[in-house]
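**Student:** My questions will all concern the structure given below.
The values are calculated or read from the model by the stated rules, or taken from the named source; none is laboratory data. Because the structure is a prediction, the values reported are computed rather than measured. Note that each Cβ is placed from the backbone with ideal geometry, even for glycine, and that neighbours are counted across all protein chains shown. The area values use the complete protein model at the heavy-atom level, side chains included, leaving out ligands, DNA and RNA. Shrake-Rupley method; radii C 1.70, N 1.55, O 1.52, S 1.80 Å.
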Amino acid sequence: MATDWKSLRPFRLLLQDLRHLRERYISDWTVFNQLIVASAVFVFFSNLLPGLTFANDLYVSTDGNWGTIEVIFSIGLCGVIFSLASAQPLTILGVTGPFCILAENLYSLCQSSFGIPFLPFMTWSLIHAAWMHCLLAIFNAHDWTMIYVTTFSTEIFSLLNSVIYFHKAIQELQRVHAQTSFASFLYSIIGTIGTLLVAIFLSTAEKWKPLFHRYIRLGLSEYAAAISIIIFIGLPHVGELATLDRDTLHVSFTFRPTNPDRSTFFVQFWHLPLAWTFAAIIPGCIITILFFFDHEISSIICTERRFRTRKPGGPAWDIILLGCTTAMCGILGIPPANGLLPQAPLHSQSLLHRDTEIRASSNIDDDEKSEDNGYYTVYEQRWSHFLHASGILCFVSPPFMHVLGLTPTSVLAGLFLYMGEQSLSVNPILFRIFNLLTPPSELPKLPEGIAGYMPVHLYTIFQVLVTAGIFAVTLTKAGPAFPVLVMALVPLRLTLMRRLWSREVLRFVDQWACRDGTPEDLSEEEIRSQLQDDDIIRDIESEHAEQFAEK
């Protein structure tokens with residue numbers, strides 16, 4: 001069957017995104033209220049604190065080439081740019097765990113195998129990633145890639161993030177053990193576990209009714225991690241604990257790079273030998289795959305149906321903007337920021353409010369008009385993104401940086417555990433693992449056509465084994481290639497797995513990540529035809545056009 005090349009027509013999505021951006025831009029700045037300020041404060045903590053944990057990890061793993069000031073500078077600068085110029089301001093940018101794994105492996109290769117300076121090679125990798133981002137946007141990659149992604153892949157990627165967080169926490173404690181006394185190490189374990197448990201306990205405050213006023217419970221819940229961290233930053237300064245030696249976050253006390261050999265935020269990348277300049281295309285391609293997948297998924301989950309967003313986003317324009325900020329970070333010698341999976345939906349959640357216009361709409365399904373679900377929608381605006389990113393950018397100044405230097409690394413380890421727990425707690429894989437440990441008589445009834453839970457259990461075990469395999473790769477010299485393995489899960493799901501599990505089982509455990517339904521809702525012939533042609537793309541384009549016309 002002949003291929004329809006309409007989906008590859010250059011600049012088609014980009015021109016559409018720019019038109020949508022022009023239509024929504026002014027209205028994005030006309031909404032401002034207390035809820036938006038509260039959301040900005042919430043996202044400020046949920047973005048800054050994880051950034052600090054990755055900053056400390058990068059400082060150790062790159063021998064001081066990247067540290068706290070580089071990570072804070074990147075998060076704040078990229079956040080401000082996206083708040084001002086992106087097509088979907090609900091997305092949140094930050095330095096991610098998978099990229100830290102990638103950077104650590106690249107640094108190790110540069111030092112031990114290549115014998116070349118890390119920062120110039122990384123700069124060229126990010127410059128190559130930038131033009132690859134632009135090509136993906138120009139040729140409408142969103143339409144012919146993301147429509148084939150199912151929750152099989154996204155669940156594994158989310159589980160991988162959780163495992164990375166837990167592993168980082170263990171590494172932090174290992175460093176404390178190597179650098180401090182045994183008594184200090186024992187307290188670090190207490191501080192790590194205490195940070196985790198207090199944060200988890202406070203995060204449940206909304207359910208403490210009738211204890212405290214509703215707004216107090218809400219505040220305790222939203223700022224659980226921040227409150228826990230403040231407690232355990234101050235605790236080592238009390239009583240006899242103040243006599244213990246401790247390992248704290250390494251910070252700069254001037255606005256200059258962490259590495260003492262660098263005087264400015266600028267990398268002389270043209271000094272790298274020509275052969276290595278072209279060799280940097282390989283890590284550039286891997287970074288592109290990771291960033292594209294990360295940013296696309298984060299954009300999708302922050303605008304999912306339960307948030308009832310009404311303004312169109314812009315996948316092509318945002319990918320070009322991401323490419324530009326990626327190259328900019330490389331030239332400045334700071335780690336690039338990209339879409340954060342956990343923080344994006346949290347941002348949207350913090351902006352939910354009751355909307356009387358939606359209440360009156362006859363288009364809302366009856367099950368969505370219940371008191372439990374509420375008549376809620378999101379304040380679609382740029383202020384919360386701009387304010388939180390500007391606040392983070394302020395911390396590159398020496399006085400604020402000095403405050404960050406008081407943070408014990410044991411607290412950062414506790415925050416890693418908390419981030420991993422929060423990510424894992426909403427992952428369907430966890431609940432299916434619980435089903436593995438539950439007696440068959442206590443398990444929920446399965447849909448018609450599935451004889452028993454054994455195929456579902458095997459599917460879950462397969463996801464866990466795949467995650468373990470990819471994580472094991474990140475610990476080897478082949479670690480930089482792990483994003484390729486994550487993307488390879490997409491064709492694996494649509495081809496091999498359909499031969500190993502029945503249609504009924506796959507329909508029960510998996511679904512499309514970016515649209516309604518599952519691959520098993522289509523016949524064998526339809527799947528084969530749509531993998532060859534672009535029928536799905538044309539359907540989605542038509543659906544999006546109708547929805548936007550109605551809005």
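**Student:** Give me the residue from the range 29-50 that is outside any helix (DSSP H, G or I) and not hydrophobic (A, V, I, L, M, F, W, C) and, out of that set, farthest from Ile227 (Cα to Cα).
**Tutor:** By that ranking, first place goes to Thr30.
**Student:** Moving to a separate point now. What single numbered condition from (1) of a type outside the set (Asp, Glu); (2) within 24 Å of the chain's Cα centre (by Cα); (3) open to solvent by 30 Å² or more (accessible area, probe 1.4 Å) fails to hold for Ala183?
**Tutor:** Single failed check for Ala183: (2).
**Student:** How many of the residues in the range 393-431 are in a helix (DSSP H, G or I) and of a type in the set (S, T, N, Q)?
**Tutor:** Final tally of qualifying residues: 5.
**Student:** Residues that are modelled with pLDDT of 75 or more and among the aromatic types (Phe, Trp, Tyr): does the range 535-548 have at least one? Before the answer, list the steps.
**Tutor:** We begin by selecting, within the range 535-548, every residue modelled with pLDDT of 75 or more; these are none.
No.
**Student:** Restricting attention to the range 385-404, does a residue exist that is aromatic (Phe, Trp, Tyr) and touching a residue at least 12 places away in the same chain (Cβ under 8 Å)? Please lay out each step first, then the result.
**Tutor:** Looking only at the range 385-404, we keep the residues that are aromatic (Phe, Trp, Tyr), and these are 386, 395, 400.
Pick out the ones that are also touching a residue at least 12 places away in the same chain (Cβ under 8 Å) and you get 386, 395.
Taking every residue of the range 385-404 in turn, at least one turns out to be aromatic (Phe, Trp, Tyr) and touching a residue at least 12 places away in the same chain (Cβ under 8 Å).
**Student:** If we scan the range 84-92, do we find a residue that is touching a strand residue (DSSP E or B) at 6+ places or on another chain (Cβ under 6 Å) and either part of a loop (DSSP other than H, G, I, E, B) or closer than 23 Å to Phe482 by Cα (or both)?
**Tutor:** Yes, the range 84-92 contains at least one residue that is touching a strand residue (DSSP E or B) at 6+ places or on another chain (Cβ under 6 Å) and either part of a loop (DSSP other than H, G, I, E, B) or closer than 23 Å to Phe482 by Cα (or both).
**Student:** Would you point out the residue of the range 263-276, among those that are part of a loop (DSSP other than H, G, I, E, B) and open to solvent by 30 Å² or more (accessible area, probe 1.4 Å), that is farthest from Phe395 (Cα to Cα)?
**Tutor:** Looking at residues that are part of a loop (DSSP other than H, G, I, E, B) and open to solvent by 30 Å² or more (accessible area, probe 1.4 Å), I get Pro273.
**Student:** Moving on to the next point. Being surrounded by fewer than 24 Cβ atoms within 10 Å (Cβ to Cβ), aromatic (Phe, Trp, Tyr) and under 19 Å from the mean Cα position of the chain (by Cα) is the filter; apply it to the range 43-66 and report the residue that is modelled with the lowest pLDDT.
**Tutor:** It comes out as Phe45.
**Student:** Regarding Thr467, is this residue modelled with pLDDT under 85, closer than 22 Å to Pro283 by Cα and among the β-branched types (Val, Ile, Thr)?
**Tutor:** Details: modelled with pLDDT under 85: no; closer than 22 Å to Pro283 by Cα: yes; among the β-branched types (Val, Ile, Thr): yes.
Taking the combined requirement at face value, the residue does not satisfy it.
**Student:** Given Leu21, Leu35, which one is in contact with a strand residue (DSSP E or B) (Cβ under 8 Å, 6 or more places away or on another chain) and closer than 15 Å to Arg382 by Cα?
**Tutor:** Being in contact with a strand residue (DSSP E or B) (Cβ under 8 Å, 6 or more places away or on another chain) and closer than 15 Å to Arg382 by Cα holds for just one of Leu21, Leu35, which is Leu35.
**Student:** Given the conditions (1) in contact with a Phe, Trp or Tyr (Cβ under 7 Å, 6 or more places away or on another chain); (2) modelled with pLDDT under 85, and given that His388 satisfies all but one, which numbered condition is not satisfied?
**Tutor:** It fails just one condition, (2).
**Student:** Let me ask something additional. Could you tell me how many of the residues in the range 97-141 are under 21 Å from Asn259 (Cα atoms), of a type in the set (Ser, Thr, Tyr) and open to solvent by 10 Å² or more (accessible area, probe 1.4 Å)? Full working, then the answer.
**Tutor:** Taking the range 97-141 first, the residues under 21 Å from Asn259 (Cα atoms) are 99-112, 114-126.
When the remaining residues are screened for being of a type in the set (Ser, Thr, Tyr), the result is 107-108, 112, 123, 125.
Right, trim to open to solvent by 10 Å² or more (accessible area, probe 1.4 Å) and you get 107-108, 112.
Number satisfying all stated conditions: 3.
**Student:** Kindly indicate the residue of the range 224-248 that is touching a Pro at 6+ places or on another chain (Cβ under 8 Å) and either without any contact (Cβ under 8 Å) to a residue 40 or more places away in the chain or not charged (D, E, K, R) (or both) and also surrounded by the fewest Cβ atoms within 10 Å (Cβ to Cβ) among those meeting that condition.
**Tutor:** Within the range 224-248, the subset touching a Pro at 6+ places or on another chain (Cβ under 8 Å) is 232-233, 236, 242, 244, 246-248.
Filter once more, so that each one left must be either without any contact (Cβ under 8 Å) to a residue 40 or more places away in the chain or not charged (D, E, K, R) (or both): 232-233, 236, 242, 244, 248.
Details: Phe232: 23, Ile233: 19, Pro236: 21, Ala242: 10, Leu244: 16, Thr248: 17.
The qualifying residue surrounded by the fewest Cβ atoms within 10 Å (Cβ to Cβ) is Ala242.
**Student:** Give Met401, Met419, Met454 a once-over and let me know the one that is of a type outside the set (Ser, Thr, Tyr) and modelled with pLDDT under 85. First the steps, then the outcome.
**Tutor:** Working: Met401 fails: modelled with pLDDT under 85; Met454 fails: modelled with pLDDT under 85.
Answer to the check: Met419.
**Student:** Here's a check for you: in the range 332-353, which residue that is out of contact with any Pro (no Cβ under 9 Å at 6 or more places or on another chain) and aliphatic (A, V, I, L, M) is most open to solvent (accessible area, probe 1.4 Å)?
**Tutor:** Leu346
**Student:** Restricting attention to the range 140-177, report how many residues are more than 16 Å from Leu485 (Cα to Cα), aromatic (Phe, Trp, Tyr) and within 14 Å of the chain's Cα centre (by Cα).
**Tutor:** Selection size over the range 140-177: 1.
**Student:** Any idea which of Ile461, Ile450 is touching a residue at least 24 places away in the same chain (Cβ under 8 Å), part of a loop (DSSP other than H, G, I, E, B) and of a type in the set (A, V, I, L, M, F, W, C)?
**Tutor:** Among Ile461, Ile450, only Ile450 is touching a residue at least 24 places away in the same chain (Cβ under 8 Å), part of a loop (DSSP other than H, G, I, E, B) and of a type in the set (A, V, I, L, M, F, W, C).
**Student:** Considering only the range 489-504, how many residues are open to solvent by 50 Å² or more (accessible area, probe 1.4 Å) and assigned to a helix (DSSP H, G or I)?
**Tutor:** Residues meeting the conditions: 5.
**Student:** Continuing with this model, one more query. What is the residue count in the range 297-324 for residues that are surrounded by fewer than 24 Cβ atoms within 10 Å (Cβ to Cβ), assigned to a helix (DSSP H, G or I) and in contact with a strand residue (DSSP E or B) (Cβ under 9 Å, 6 or more places away or on another chain)?
**Tutor:** Total meeting the criteria: 3.
**Student:** Right, next: Quick test of your reading of the structure: Asp318 fulfils all but one of (1) in contact with a Ser or Thr (Cβ under 7 Å, 6 or more places away or on another chain); (2) farther than 27 Å from His385 by Cβ. Name the failing condition by number.
**Tutor:** Result: Asp318 passes all but (2).
**Student:** Among the residues of the range 209-223 satisfying the criterion of being part of a loop (DSSP other than H, G, I, E, B) and not charged (D, E, K, R), which is least open to solvent (accessible area, probe 1.4 Å)?
**Tutor:** Tyr223
**Student:** Let me ask something else about it. Assess whether Thr192 counts as being touching a Gly at 6+ places or on another chain (Cβ under 9 Å), of a type in the set (Ser, Thr, Tyr) and under 24 Å from Ser46 (Cα atoms).
**Tutor:** yes
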